[in-house]
Amino acid sequence: MKKHRICIEHELHSRSSAIIWNLISTAEGLSLWVADEVHLSDDTLTFIWGELWRHHEIKEAKILEKIKNSYIRFKWKDDDDESSYTEIRMVRNDVTNDYILVITDFTDDDDHEQLEAIWSDNLVRLHHSSGL
């Protein structure tokens, strides 16, 4: 089944490309807001939610492309849809010079609201952990 693309824009209160790039492109940065733990090995990101000795989930993603100070694009290894991916892009707002995160993701029709809620929660975690 072909998935549908969603796009979420979130304005950050930062003009520092280095800080934002670190938050979206490194295991340490992603573990502050996307998952409880993130590990990077070669071109594979391993995301861990929950505690290993209790209920937890582990998902792996292959990095498809990473352009410094621009975006990271990865694909979940368990996703059968060839055209889907997750992309986190940083874009400078020409008016304020602050950055905007543009998140592109793909979902089935019946999971649309759930995926948007997950990203909304992630963005709240980003704000709490970094102030952005």
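The values are calculated or read from the model by the stated rules, or taken from the named source; none is laboratory data. Source: prediction; values computed, not measured. Neighbour counts run over all protein chains shown; Cβ positions are idealised from the backbone, glycine included. Note: accessible area is taken over every heavy atom of the protein model, side chains too, but ligands, DNA and RNA are not part of it. Shrake-Rupley method; radii C 1.70, N 1.55, O 1.52, S 1.80 Å.
Quick notes
- Across segment 12-20, rounded Karplus estimates of 3J(HN,Hα) from the backbone phi angles (6.51 cos²θ - 1.76 cosθ + 1.60, θ = phi - 60°) give 9, 9, 8, 10, 8, 5, 5, 5, 5 Hz, Gly and Pro being marked x.
- Degrees between helix 112-130 axis and first principal axis of the chain (Cα, 0 to 90, nearest 10): 50
- Lys pairs under 13 Å by Cα in the chain, provided they are eight or more residues apart or on distinct chains: 5
- For the chain, accessible area per residue (1.4 Å probe, heavy atoms of protein chains only), Å²: 59
- Computed [θ] at 222 nm, helices only, for the chain once each DSSP H run of length n ≥ 4 contributes -39500 (n - 2.57): -7500 deg cm²/dmol
- Carbon and sulfur %, accessible surface of segment 1-85 computed with the full protein complex present, 1.4 Å: 49
- Equivalent ellipsoid of segment 33-108: semi-axes from √(5λ) of the C-alpha gyration tensor, largest first, are 25, 16, 12 Å.
- For Gly29, net neighbour charge (Lys/Arg +1, Asp/Glu -1) across residues whose Cβ lies under 15 Å away: +1
- Computed over the chain, the quotient of the alpha carbon radius of gyration and 2.2 N^0.38 Å is 1.04.
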